[in-house]
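Just below is one structure, and these are the notes that go with it.
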Amino acid sequence: MKKLKTFSLPFLLGATLVACSENSSIDEVDEGGKGEIEAASEYENGHLLADPAWVDENQDDLVIIDVRREGYEQGHIPGAVHLTPEDIQEEKDGVSGIIQGEEEFEQVIRSAGVDDDSSVVVYDGDNSLWASRLFYGFELYGHEDVRVLNGGYAAWLADDKDISTDAPSIEEGTFTAQLNEELQASQEDVETFIQDESCLILDTRSEEEFEGETARADRGGHIPGASHLEWSEAVEDDGIATFKSAEELEEQFGTAGVDRDQTIVPYCQTNVRGAHTYFSLRLLGFENIIPYEGSWAEWGNDPDVDIQER
């Protein structure tokens, strides 16, 4: 194992308009680093996915983070550090489940032994929901050398890889968080986005939530004009939940009206499922993706903004 060391973040309205009108992009993840991933080359950004064989071969040069809520003590990838979803989220302005602020996130990631030059692999049980949430956090705060283990711990077990019940000794890391404001939309930004044809609001919740039949806020429904594609459509549902092929993902997003020339604004309840869709789009090579962190927990509880049902 490589040495393991013992919400509202809105950007300015002007920058928001630039992001939609000029399609500003985030930096590409460095494809170099420690070892080459023989990756899912079918994806434009296949290097963002790691498979069990690659992780097993390169684990001495990696910081591996297990982000499952339960099961770490019963078994995990050897050398993996444990963080729970609660470790990387907080309550902000009455909304729970918001990604931590810059200083708090930095401290948590340092506690996992991450340096600025660390190659990081994140995983959860199998569907990559929480792994994608942490992946988004890393990119939000400027760490580009991070990958998601495709299929998570279930894929690791299916490949009959070694497991451990020992927690590693951790030396605190030197990771420095640097907020990328272009990767997080505020409510005010979204109010602007819905008036701009170069932006697409993408609801990643269930169909029942989207149509207002299930309300997890004071009001049910969705942001006016939003398209809908449930986050879980990106992974296989007949066994280990690995990501679907690039062709399948492209078709699904296309059917939902997602266009590479637009700025895509995923949201859900508090950008957990939205972060999964963020990763799916990044995997396909989309560059202009700005998740709405407050999501329906904020929008649906604000009586002063419009909603749409069905």
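The values are calculated or read from the model by the stated rules, or taken from the named source; none is laboratory data. Bear in mind that the values here come from a model prediction, so they are computed numbers and not experimental data. All Cβ positions, even for glycine, are placed from backbone atoms using ideal geometry, and neighbour counts span all protein chains on display.
For a quick check of your reading: which helices (runs of 4 or more DSSP H) sit entirely within the range 61-158 and have at least 2 residues that are of a type in the set (D, E, K, R)?
Here the list reads 102-111, 129-140.
In the range 237-252, is there at least one residue being buried (at least 18 other Cβ atoms within 10 Å of the Cβ), under 30 Å from N301 (Cα atoms) and either among the polar types (S, T, N, Q) or out of contact with any Pro (no Cβ under 6 Å at 6 or more places or on another chain) (or both)?
No, every residue in the range 237-252 fails to be buried (at least 18 other Cβ atoms within 10 Å of the Cβ), under 30 Å from N301 (Cα atoms) and either among the polar types (S, T, N, Q) or out of contact with any Pro (no Cβ under 6 Å at 6 or more places or on another chain) (or both).
Just a yes or no: is a residue in the range 69-87 among the basic types (K, R), outside the structural domain of L283 (by TED's automatic domain parsing), out of contact with any His (no Cβ under 6 Å at 6 or more places or on another chain) and crowded, with 18+ Cβ neighbours inside 10 Å?
no
Give me the residue from the range 167-199 that is among the charged types (D, E, K, R) and touching a strand residue (DSSP E or B) at 6+ places or on another chain (Cβ under 9 Å) and, out of that set, surrounded by the fewest Cβ atoms within 10 Å (Cβ to Cβ).
Among residues in the range 167-199 that are among the charged types (D, E, K, R) and touching a strand residue (DSSP E or B) at 6+ places or on another chain (Cβ under 9 Å), the one surrounded by the fewest Cβ atoms within 10 Å (Cβ to Cβ) is E171.
Select, from G142, G137, the only residue that is more than 23 Å from N301 (Cβ to Cβ), outside the structural domain of Q269 (by TED's automatic domain parsing) and surrounded by fewer than 21 Cβ atoms within 10 Å (Cβ to Cβ).
Exactly one residue qualifies, and that residue is G142.
Please work out which one of (1) outside any helix (DSSP H, G or I); (2) in contact with a helix residue (DSSP H, G or I) (Cβ under 7 Å, 6 or more places away or on another chain); (3) surrounded by fewer than 21 Cβ atoms within 10 Å (Cβ to Cβ) is the condition N301 fails and give its number.
Unmet condition: (2).
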